[in-house]
Each structure stands twice: as structure tokens, then as C-alpha cells.
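Visitor: Have a look at this one.
The values are calculated or read from the model by the stated rules, or taken from the named source; none is laboratory data. Computed from a predicted model, the values in this text were never measured in an experiment. Virtual Cβ from ideal backbone geometry, glycine too; neighbours counted across all protein chains shown.
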Amino acid sequence: MKSTRRDALRNRLSLMAVTFAAFSLAACGDLLDVSNPNDLVEDDIRKEPAASAVVNGALSLVSSSVSQSWQPYLVASDEMRWIGSRDAWLSLDLGFVDDPLNEFIDGPFPSMGQARWMSDQAIEILTEHAGSNPDHRYDLARANLYSGIMYMVIGEIQEDFAFSHKTEAGMPVGSANMHQVLDGAISRFSAAISGFKETGNDSDAMDAMALRARARQSRAIWDIINPSPSGNGLANSGDAGADAAQVLAMTGDADWLYNFNYSTTGVSNSMAGWVNDRKENQIDLSIATVNDANDINGIALQDPIDMVDDPAVVKWLNQWKGGNYLDKGGPYPPLTLASSRMMHLILAENALASGDEATFTEHVNMIRAYDGLTPYSGQISTTDMLQHTRRVNVMLQGLRLADMYRWGIQDPKWDGPSDAVTCPGIMLPISIIERRANENIDNAYSAC
């Protein structure tokens, strides 16, 4: 990563400058002859007393990265739209997904690389200490969980990625091999589940299992849209379904969520900052209506059976705006990564892909029951029911563009020559900041 390598060089030069100054001033009363207890080097964070803090740091970086990385992906989909003054957002809104020079693809990339590196470092550091100190086994499970989330998000939204290490440039994974990143997420979630169970933290194990269910379904969806969308777009992952069923059993089928939370004492939700505060982007008009100031003033997306404002849309927009979707909102709303609704959707889609319409209907109606809606009984086609139910129940969760590709849904805003139209299945590229710094990556780029 360019920023990491430059920072490393800058730090070395700064250290040389400080050292030279110290020697120069030594004869003038030893002004710099002090010992600062707050000075830290990398070896310090590898020591056992810092182990838990390293995992907490990984969580902060990963949650910050997700909030940054989802936004360009969602603006390219029909969940968000450009309303501001920055043309690079407009380019994404028009479907130009695969531009390494786009500043809003480029901006989040260092954060993604840093979060991936730090969460993997946390696993390495905690592995060193967990064998001799059982108290660190829980933190090791947490490290695997956060690393798994970062790998999952990279695998879901990136067309390619390079796993660089400090000043060592990594080789690009390659578009055809990005499924391996999702496989890496699944293995990390599996390690987290085992670690949480071993330490008696069954609730945390359930969280990790729900995330593994999502990653396993995303892995199946990856196969559908690569190298280009094929078949009827239905994913069928028995492993994802098994995880989803266990999660639902453990939750008692409550309307449960796994969220990344943001606050003034932690990190902010970057995407919410751009949308709620800066108003560069807004929820798409197919979902919500707006006034002349581009503030949300109503719900556009209706439930196809009851023909009312879809309650799931209201739920997520209320969360997004801090309680009421008519409010301005701020930069700290949570982001949902997994939910009971998502688990039912996985089981419903598996059933439909297998021709089991009764089980499909059962799980769709369990979701509808959360919102007090009329049960589905064939009022519209099963395909339309699945696509609508998934759209409204995983909204603002970093999954929409892949769903559009696999079901042949085009955003009316997409330009004819755009990547999303001419190369369906294409995701976000390795951005220019990494391309210019990494000699392993060809700058003469076109994945389409």
C-alpha cells in the first residue's frame, strides 16, 4: 500500500533527523536526554500486556474501513445516488464501477489495506500468547472474527486485491481468484466459532456463525456472477443454510441484528458522514422520496402485497437516521452485517433454488411476521417475492450490487457505456494509490 510504504520511509527519515538533532544538541545541556514512557515501537504491541488492545485496534480499523468501503459500492447500485458537487460520485452513480482513478474508490483503499493487515497481525500476535495464557484465547477468537469480516467485505465488493505487508508489495490475487478471499473469511469465522465455544462465549459464537452464513452465501453468489452472471441467479449453499438454521435456533427467532456500532468515543461512520452531514449522496429515489432540499420526506418502496410503505425500509432508514427517517441523522448510525432476516433469506433462497416452494414460503413469511405483514401465498411470483424481500431486508448492508448483477437488474441511472452495463459482475478495482506503489500491478488496467 502506498500510504504504508511512504509512512514507513517518512518515519525512518524522521527518526534520522531526530537522532542527528539529539547528537548536535548534546553539548548544549543534553536538552533531549529524556525518557518518554509513551514512546512505542512495533515490538511493544507484540508483548502480552498489549494483546487485548491490539484486537480492539483491529476492530476500530475494520469498522472504520467498512463504513468507508461500502459507500462507493452502494452508490454504484440502486441503494444510493449522488446529489452533491463531487463528479467522482456521479461517475459511480452512472455505473462506472471499475475506475482506479476515481477518488472515492481510491480514498477508502488504504483504510481497507490497513484494516486487513492489522486484523491479521492481531491473529498472529494473539496466537503467540494464547497457548501460554488461556485469557487470550477469547481475544484470539475476536481477532479471527474481525479479520473474517474484513476478508468477507473485500471478497464481496472488490474485483481484485493485493495483500501487501508493510513495505513488501503483494501480488494481486486476480479477478478469477477472488473467491479465495471469501474462503479466507469463512476459515477465520470457523476459527472464531471454535475459539468462542472453547471459552464459553456462545453468544459470540452465534455472531460468528451468522457472519459465516453470510460469507458462505456470498461465496455461492460469487460463483454465479463470475466471470459473468449465469443461470437464474439463485444461490444454493447448504453450508450457509446449516449456519443460518443454527443461528435462528439460538436466537429463538427474535428479530436479531449483528451491528458495527459507531460513536463519539470511538470511530465515526464515514458513509453516514457523507450522506447525513455533507449530503454528497442520498438514499435512492426508488426507496425514499425527498423534498427540495434532498431530505427524506417519505417512503417510495412499497410492500408488493399490502401496498404500504415497506416496514423493512422504514426499519433500516430509522436506524440510518438515528431513530426517525425524517430526521437529518448524523455520522454515528450502526451498520448491520448480519441478522435473523438475513438467515431466513438464505434458507428461503436455498429452498427456492431446490424447488421447495413450501419451505421458501415458510421463511419469507417468518420475515414478514417481524413486520406484521400479510403472509405470502402466491400473490406474486416466487422470484419477485424473493428479490423484493431480499432488497428491503439487507438494505445498506453492502450486498445490493451483486444481487443486481445476478438477477439482471439495471439501475436506470447507469450509462450505456458504463462498466456495470457492459461488464456485469464487475466490482471495485485495486485503486491507483496501490497501483502506483506496487510494482506487481499493471497500471495499464482494464478488467472489463
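Visitor: Pairs only if they're at least six apart or on different chains, beta carbon under 6 angstrom, first in the range 61-72 and free of Cβ contacts under 8 Å to residues at least 60 places away in the same chain and farther than 13 Å from Gly107 by Cβ, second part of a helix (DSSP H, G or I) and of a type in the set (A, V, I, L, M, F, W, C); list them, first residue then second.
Guide: Every condition considered, the pairs that remain are Leu61/Ala115; Leu61/Met118.
Visitor: While we're here: Condition test on Leu211, is it under 21 Å from Val62 (Cα atoms), in a helix (DSSP H, G or I), at pLDDT 95 or above and touching a helix residue (DSSP H, G or I) at 6+ places or on another chain (Cβ under 6 Å)?
Guide: Taking the combined requirement at face value, the residue satisfies it.
A quick yes/no check of all residues on (1) free of Cβ contacts under 8 Å to residues at least 40 places away in the same chain; (2) surrounded by 19 or more Cβ atoms within 10 Å (Cβ to Cβ):
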residue: Asp356; (1), (2): yes, no
residue: Phe360; (1), (2): yes, yes
residue: His388; (1), (2): no, yes
residue: Tyr405; (1), (2): no, yes
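Visitor: In this structure, is Asp411 of a type in the set (D, E, K, R), in contact (Cβ under 8 Å) with a residue 60 or more places away in the chain and touching a Leu at 6+ places or on another chain (Cβ under 7 Å)?
Guide: no
Visitor: Of all residues in the range 317-333, count the ones that are of a type in the set (A, V, I, L, M, F, W, C) and farther than 16 Å from Gly298 by Cβ.
Guide: Matching residues across the range 317-333 total 0.
Visitor: Filter the range 410-434 down to the residues that are in contact with a strand residue (DSSP E or B) (Cβ under 7 Å, 6 or more places away or on another chain) and under 18 Å from Trp70 (Cα atoms) and list them by number.
Guide: Met427, Leu428, Ile430
Visitor: What tally of residues in the range 133-180 results from selecting those that are among the charged types (D, E, K, R), outside any helix (DSSP H, G or I) and at pLDDT 95 or above?
Guide: The qualifying residues number 2.
Visitor: Here are some residues: Ile430, Ile346, Ile409, Ile367. Which one is buried (at least 22 other Cβ atoms within 10 Å of the Cβ), under 24 Å from the mean Cα position of the chain (by Cα) and farther than 23 Å from Asn259 by Cα?
Guide: Within the list Ile430, Ile346, Ile409, Ile367, the selection yields Ile430.
Visitor: Sticking with this one: Scan the range 164-176 and report the pairs whose first residue is exposed (fewer than 14 other Cβ atoms within 10 Å of the Cβ) and whose second residue is of a type outside the set (Lys, Arg) and part of a strand (DSSP E or B), with Cβ atoms within less than 8 Å and a gap of 6+ or a chain change.
Guide: As it stands, the answer is Met171/Ala162, since those pairs meet every condition given.
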